[in-house]
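What follows is a short report on a single structure.
The values are calculated or read from the model by the stated rules, or taken from the named source; none is laboratory data. Since this is a predicted model, take the numbers as computed values, not measurements. Because the Cβ atoms are built from the backbone with ideal geometry, glycine has one as well, and the counts that use them run over all protein chains shown.
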Amino acid sequence: RYDLTRVGRMKMNHKLGQDVPDYVTVLTSEDIINTVKYLIKVKNGEGQIDDRDHLGNRRIRAIGELLGNELHNGLMKMQKAIKDKMTTVSGSLDDLMPHDLVNSKMITNTILEFFSSGQLSQFMDQTNPLSEITHKRRLSALGEGGLVKERAGFEVRDVHPTHYGRICPIETPEGQNIGLINTLATYAKVNELGFIEAPYKVVKDRKVTDEIVYITATQEENKVIAPASTKVDENGYIVEDLIETRLNGNIGLNEAEKVNLIDVAPLMISGATAALIPFLEHDDANRALMGSNMQRQAVPLLKPEAPVVGTGMEAIVARDAWEAIKARRAGVVEKVDARNIYIKGEDENGLFIDHYLLEKNMRTNQNTSFGQVPIVHVGDQVEAGQVIADGPNMDQGELAIGKNILVAFMPWNGYNYEDAIILSEKLIREDTFTSVHIYEKEIEARELKHGTEEITRDIPNIREEDLMHLDESGIVKIGTHVKPGMILVGKVSPKGEIKPTPEERLLRAIFGDKAGHVVNKSLYCPASMEGVVVDIKIFTKKGYEKDARAIRAYEEERARLDRDHHDKLLMIDREEMLQITSFLAKQELVKDVTVGEKEYKAGEKIPEEEIRSINRFALRNVVASYSDEVQKEYEAMKNYFLKQKKKLKTEHEEKLQILEKDDILPSGVTKLVKVYIATKRKIKVGDKMAGRHGNKGIVSNIVPEIDMPYMEDGRPVDLILNPLGVPSRMNIGQILEVHLGLIGKRLGEQIQEIYESKREDFVQELRARMKEIADTAKLMKAKNELETMSDEELLEYARDWSKGVKFAAPAFESPNEE
């Protein structure tokens, strides 16, 4: 009747110090005896009472487990229903069939209810790639079988010492859910039992080894753990004799010999979002919390820009977000355009061509726009897992949720009172903070009692000029600039049958039966919306005739699939010719042969260029002049490529079959049309802006560039913040970020100066200056690359640096005076 499960058995063994195998999931006699013994010890003040907030006593119930429980409930309901039916059935039980008793609706309804209205089922936050990643890494103490937020006390919300390296102590909501909803830490992972594990390096006799162990909070007990900042010599030995360590959640001094483990990185304490805040250790925790939460609200801008002052985590977040396209396998970029990337390579199964389709103007759940841009060029060598196309909020494979702009901390005529922000008109003119949002509008034609609604251009009482932008099917054309009140899709609905008046009868006699008994039910552009139509989707129910627009959309999609198939075929053809020509050019002839006008004798080799100029049919005759082994190898190559082409054809046919399938629509709906409108939003007074340190504010004034305060070189600033927003909030990280950003910008200007001077030896001067900067900024990887790269690559690098030398200020490891 009961089951302890593996987790229960593991906890029981740990608490009572016994070795019962984990497959024994019921109570044994020794369990009872040991429990009583332990209770007596607790009464005598020896044992310890469990801490319910210890992460060894809290586990994650993942989706599989929750769904399994729902399924179990559904089956139990079904079992009860079957038993009830069997007792109430009239007639013989022998005549019953299984389907008379089993009603599968109970199970399907339970699962549907779990996904559609379950407490933990949420609409994914897709504002930007970071918000999506964070949403997927969220841990909740609420939900069915969990806590109720109104009744949860302070203890459960607090940060517990076992959260270290497992749950981020910073990122949590600010409202009544504070501390109940958390995020996994950067390096944490969940084991099969649902306990969170943190990674540590093993320390043996003061030596830090390369062995990394993932351990749970329970296994961490009685282990002496050193922080990642512990000084270690070049051989990996801990330098100091007394170091600060953690033992059972308490921090204290310990001898280096006693250390068992050491943190893998200072970053492991925080979550992914907090790890994106530079100089995090100089910010007050409350503001760091706001900074973490507000980064998730950043809207994707028209022109993304990677931060000059980052933390090094930007590239990792971008790489792990699905919005960026990563190469599945290593290879060479064969073809790139705005919609496709083709990468050709070879693995143990032979040649392959990977095709990556890029999305354009896709709408996310939060109506922000989603587009992908290729960042590789034809001929580039790419590695498996390398980012080859940026998604929204990305710049060259790095997360870019904001802009690098020139900021002044100063009062300005009282306009930045109470955290208000003053902007320069330049930011609006240059579309610095302009974003694109895509909205979906839909209309459906239904079957009614007295007729069927129709999507059409023939709408009663509408002037012809108001229908100019619609096509022959009554649907707005893609690319149309729409304004409030314009018709997007024309639809007429039949009126109920009522006795016509004499006037109506006369109209019907003159104009035929059509006039007068339909009413305009068209889809209009809403009052607050103005933009461009970027896409139309038309769905038609099976058995109903498709209109001209739907047929055209189908033909366009089919043509695109055919074009992709043709491109891949051409690439395989080219690869086939390359392999065959390079193979034949290395072989010696065994007979004389004439190629074009030149004669080659036996024992000679035909050059590769010559073989390439021979057409395919003539090549067979030339191959006959080689030895039998060569001919066999040639045939094997031909057969291999023939198989590849057949495989490609099968894939293409499968895609076409999917395209041919009918649309499934709700009952009563005959046609559904979706219109996607893209609108451009510029920043305006009343909008919220924020930095990464919780320094948020509202735009109060947009000032002409000429009126903005200026730097000593005459450059006007882009934005003015109130200096009083810093001392009481204690987020000094913003001041340090501004300084480091300014240094990066100045160094970039120095590189630009050398680059533009184009003196004779400017490349050498550029290389020397860039190496000097790399040395100062501790960009060791860049420094080594600068030594070896060619002049062309150096100039490409310099162009990138001239916009501003990028600095990394990782959490807890930021640049300092040293």
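Regarding L67, is this residue part of a helix (DSSP H, G or I), within 30 Å of R157 (Cα to Cα) and hydrophobic (A, V, I, L, M, F, W, C)? Give the steps one after another, and end with the answer.
On the way: part of a helix (DSSP H, G or I): yes; within 30 Å of R157 (Cα to Cα): yes; hydrophobic (A, V, I, L, M, F, W, C): yes.
Considered against the rule, which asks whether it is part of a helix (DSSP H, G or I), within 30 Å of R157 (Cα to Cα) and hydrophobic (A, V, I, L, M, F, W, C), L67 comes out as yes.
Residues in region 540-561 that are out of contact with any helix residue (DSSP H, G or I) (no Cβ under 8 Å at 6 or more places or on another chain) and touching a residue at least 12 places away in the same chain (Cβ under 8 Å): 8 in all.
What about N393, is it surrounded by 19 or more Cβ atoms within 10 Å (Cβ to Cβ) and under 20 Å from the mean Cα position of the chain (by Cα)? Taking the combined requirement at face value, the residue satisfies it. Only one entry of R715, R729, R746 meets the criterion of being touching a residue at least 24 places away in the same chain (Cβ under 8 Å) and farther than 26 Å from E418 by Cα, and that entry is R715.
The residues of region 470-505 that are more than 20 Å from H517 (Cα to Cα), assigned to a strand (DSSP E or B), out of contact with any His (no Cβ under 7 Å at 6 or more places or on another chain) and in contact (Cβ under 8 Å) with a residue 60 or more places away in the chain, listed by number, are I475, V482, L488. Scanning region 727-760 for residues that are surrounded by fewer than 18 Cβ atoms within 10 Å (Cβ to Cβ) and part of a loop (DSSP other than H, G, I, E, B) yields P727, S728, M730, I732, K758, R759, E760. Select from region 606-634 the residues that are hydroxyl-bearing (S, T, Y), part of a helix (DSSP H, G or I) and within 10 Å of V595 (Cβ to Cβ) and list them in ascending order. Listed by number, the list holds a single entry, S613. Give the residues of region 63-99 that are more than 30 Å from N191 (Cα to Cα) and touching a residue at least 12 places away in the same chain (Cβ under 8 Å), sorted by residue number. Scanning region 63-99 gives K77, M78, A81, I82, K85, M86. Is it true that some residue in region 583-597 is part of a strand (DSSP E or B), out of contact with any strand residue (DSSP E or B) (no Cβ under 6 Å at 6 or more places or on another chain) and either crowded, with 16+ Cβ neighbours inside 10 Å or among the small types (G, A, S) (or both)? So far as region 583-597 goes, yes, one or more of its residues are part of a strand (DSSP E or B), out of contact with any strand residue (DSSP E or B) (no Cβ under 6 Å at 6 or more places or on another chain) and either crowded, with 16+ Cβ neighbours inside 10 Å or among the small types (G, A, S) (or both).
Only residues that are part of a loop (DSSP other than H, G, I, E, B), within 20 Å of D775 (Cβ to Cβ), touching a Gly at 6+ places or on another chain (Cβ under 7 Å) and not small (G, A, S): list them for region 788-817, please. Correct list: V805, K806, P810. Within region 625-680, the set of residues being surrounded by 13 or more Cβ atoms within 10 Å (Cβ to Cβ) and of a type in the set (A, V, I, L, M, F, W, C) comprises V630, M637, F641, L648, L656, L665, V669, L672, V673, V675, I677, A678. Could you list, in sequence order, the residues of region 681-737 that are small (G, A, S) and under 22 Å from V309 (Cβ atoms)? Matches in region 681-737: A690, G691, G694, G697, G725, G733.
The number of residues in region 519-569 that are modelled with pLDDT under 90, over 26 Å from E359 (Cβ atoms) and surrounded by 17 or more Cβ atoms within 10 Å (Cβ to Cβ) comes to 2.
Scanning region 485-496 for any residue that is surrounded by 15 or more Cβ atoms within 10 Å (Cβ to Cβ), more than 23 Å from T670 (Cβ to Cβ) and in contact with a helix residue (DSSP H, G or I) (Cβ under 9 Å, 6 or more places away or on another chain) turns up at least one such residue. Evaluating D431 against the criteria (1) assigned to a strand (DSSP E or B); (2) out of contact with any Pro (no Cβ under 9 Å at 6 or more places or on another chain) leaves one unmet condition, (1).
Of L276, L289, all but one fail to be crowded, with 21+ Cβ neighbours inside 10 Å and within 17 Å of the chain's Cα centre (by Cα); the exception is L276.
L786 fulfils the conditions (1) among the hydrophobic types (A, V, I, L, M, F, W, C); (2) in contact with an Asp or Glu (Cβ under 9 Å, 6 or more places away or on another chain); (3) surrounded by 15 or more Cβ atoms within 10 Å (Cβ to Cβ) except for a single criterion, (2).
The residues of region 8-37 that are over 21 Å from G47 (Cβ atoms) and β-branched (V, I, T), listed by number, are V24, T25, V26. Contact map, region 374-394: residues that are part of a loop (DSSP other than H, G, I, E, B) paired with residues that are acidic (D, E) and crowded, with 21+ Cβ neighbours inside 10 Å, Cβ distance under 6 Å, separation 6+ or inter-chain. Pairs shown: I375/D390; G391/E323.
Going by the conditions given, is V42 modelled with pLDDT of 90 or more and exposed (fewer than 11 other Cβ atoms within 10 Å of the Cβ)? No; evaluated as a whole, the condition is false for this residue. Being small (G, A, S), within 15 Å of A408 (Cα to Cα) and part of a strand (DSSP E or B) is true for just one of G714, G697. Which residue is that? None of the others qualify; the one that does is G697. Scanning region 306-342 for residues that are hydroxyl-bearing (S, T, Y) and assigned to a strand (DSSP E or B) turns up just one, Y342.
Here N13 does not fit the description of being in a helix (DSSP H, G or I) and under 30 Å from S116 (Cβ atoms). The condition (being part of a strand (DSSP E or B) and either touching a strand residue (DSSP E or B) at 6+ places or on another chain (Cβ under 9 Å) or of a type in the set (D, E) (or both)) is satisfied by just one residue among G291, G252: G252.
Out of G391, G479, one residue alone is assigned by TED's automatic domain parsing to the domain that holds G345 and closer than 25 Å to K682 by Cα. It is G391.
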